[in-house]
Amino acid sequence: MIDVTIIGAGVAGLCVATELVSRGLRVRLVDRTMPPSPDACSWWAGGMLAPWCEGENAEEPVVRLGQEAFDWWQSHTGCVTRNGSLVVALGRDESELNRFARRTTGHQDVNRTALRALEPDLTNSNRGLYFKDEAHLSPRQALARLSEKLVEGGTEFDIREAAPPDNNISALTIDCRGLVARDHLTDLRGVKGEMLMLRCPDVALQRPIRMLHPRIPIYLVPRCDGVFMLGATMIETSGRTRATARSVLELLSAAYALNPAFGEAEIIEIGVDARPAFPDNLPRIRRDGNVIRVNGLYRHGFLLAPAVARMVADLVLHNKIPEFSDDTAYA
């Protein structure tokens, strides 16, 4: 007999399922495709586990709870690479490093020599901030591993389009549908992200690189075999298709500025999706009868999903009110 049904098998749904199964519950996952899938926002994620960097503009819980992600992902997938991360700026934007440093912790200022020792192929950077304890993973590999382990453990995957759950449902159901859950979460909004997958075997990087940019943050994350994820824009819209020419040009120009060899890179994919977010860009866990709604991971999906999954499991098993809750939801 199934104890819990989870609707949505993106990063939130898979992490919640994994956490519940690890605590002895029997779970059914309902999604229109078998994860991982390009239909899920998490398919297009950067996979940076960078809580201290995110402190530059994120709320305090992101920094604190994001630190749970390192051990959780390593334990459940073995996919974590913990080489730290680098923040750089080019030319007249180098003063932005001072602002970034003031707003974050856990870094050391590195000069040109130290920067070259860390990343010899960052040819145009003279200074950076090194966050040595941060990490990254390959999102698609990590999601696939979670799915494989759930299947191996007997979790049922129901491949179909599920109806939106309402609070009159008789069985415990966890709604992890992301942006489409706006049918019940009226304060949820979409934040569009655009990214490129590049193949450039002439460049070798060991860790994610953040390049401070006047309009949008630029991320360059190494995968393997000379492949890089380059992203990601943040546009206040729920649109989930069609990258803009301006964004693609800015992303490619940033990569070229970091190393001109990217001018010869092969564009493998152009990805677009909309991240679900609440007004303060923090997630929410809301309970309505037998429905628990988990949503709003924003750009912190892989960073915060482990902590959110823990909170959901504590709610289901111990009726513990989650930190990411609305006071009225548990009145």
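General observations
- The alpha carbons of the range 82-141 stretch over 38, 27, 18 Å along the principal axes, in descending order.
- Spatial separation of Cα centroids for the range 18-91 and the range 98-114, in angstrom: 24
- The chain: relative contact order in percent, alpha carbon pairs under 8 Å with at least 6 residues between: 24
- Looking at the range 68-106, the trypsin sites (Lys or Arg not before Pro) that sit in a DSSP loop and have at most 12 other Cβ atoms within 10 Å of their own Cβ are Arg103.
- Gyration tensor verdict on the chain (Cα atoms; rounded if a/c is under 1.5, prolate if a/b is larger than b/c, oblate otherwise): prolate
- Value of [θ]222 nm, deg cm²/dmol, for the chain, DSSP H segments ≥ 4, -39500 (n - 2.57) each, nearest 500: -8000 deg cm²/dmol
- Residue order for His184, His107, fewest other beta carbons within 10 angstrom first, comes to His184, His107.
- Using only side-chain charges placed at the Cβ, +1 for Lys and Arg and -1 for Asp and Glu, the dipole size of the chain relative to its Cα centre rounds to 260 debye.
- Global geometry of the range 35-129, whether rounded, prolate or oblate, following the gyration tensor of its Cα atoms and the 1.5 cut on a/c: prolate
- Estimated distance in nm for a label pair at Asp121 and Asn319, the labels positioned 7 Å out from Cα along Cα-to-Cβ: 5.6
- Annotation note: trypsin sites (Lys or Arg not before Pro) in the range 1-51 located in DSSP loop regions with a Cβ neighbour count of at most 15 within 10 Å are Arg23, Arg26, Arg32.
- Distance from the C-alpha centroid of the range 135-182 to that of the range 245-282: 27 Å, rounded to the whole angstrom.
- Mean separation of Cα contacts under 8 Å, 6 or more apart, over the residue count of the range 254-331: relative contact order %: 24
- Note on Glu96, Glu119: ascending count of other Cβ atoms within 10 Å places them as Glu96, Glu119, the fewest first.
- Length available on full extension from Arg160 to Asp3: 0.36 nm per residue minus the Cα-Cα distance, which gives 54.6 nm.
- Peptides ranked, highest mean first, by Cβ atoms within 10 Å: ranges 63-74, 125-136: 125-136, 63-74
- The mean sequence separation of alpha-carbon pairs under 8 Å and at least six residues apart, normalised by the residue count of the range 82-237, gives a relative contact order of 27 percent.
- Order of Met48, Met197 - criterion: other Cβ atoms within 10 Å of each residue's Cβ, fewest first: Met197, Met48
- Rounded to the nearest 20 debye, the dipole magnitude of the range 11-117 is 200 debye, with +1 charges on Lys and Arg beta carbons, -1 on Asp and Glu beta carbons, and the Cα centre as origin.
Values quoted throughout were computed directly from the atomic coordinates according to the rules given, and no laboratory measurement underlies them. Everything quoted here is computed from the prediction, not taken from an experiment. Backbone-built Cβ (ideal geometry, glycine too); neighbour counts: all protein chains shown.
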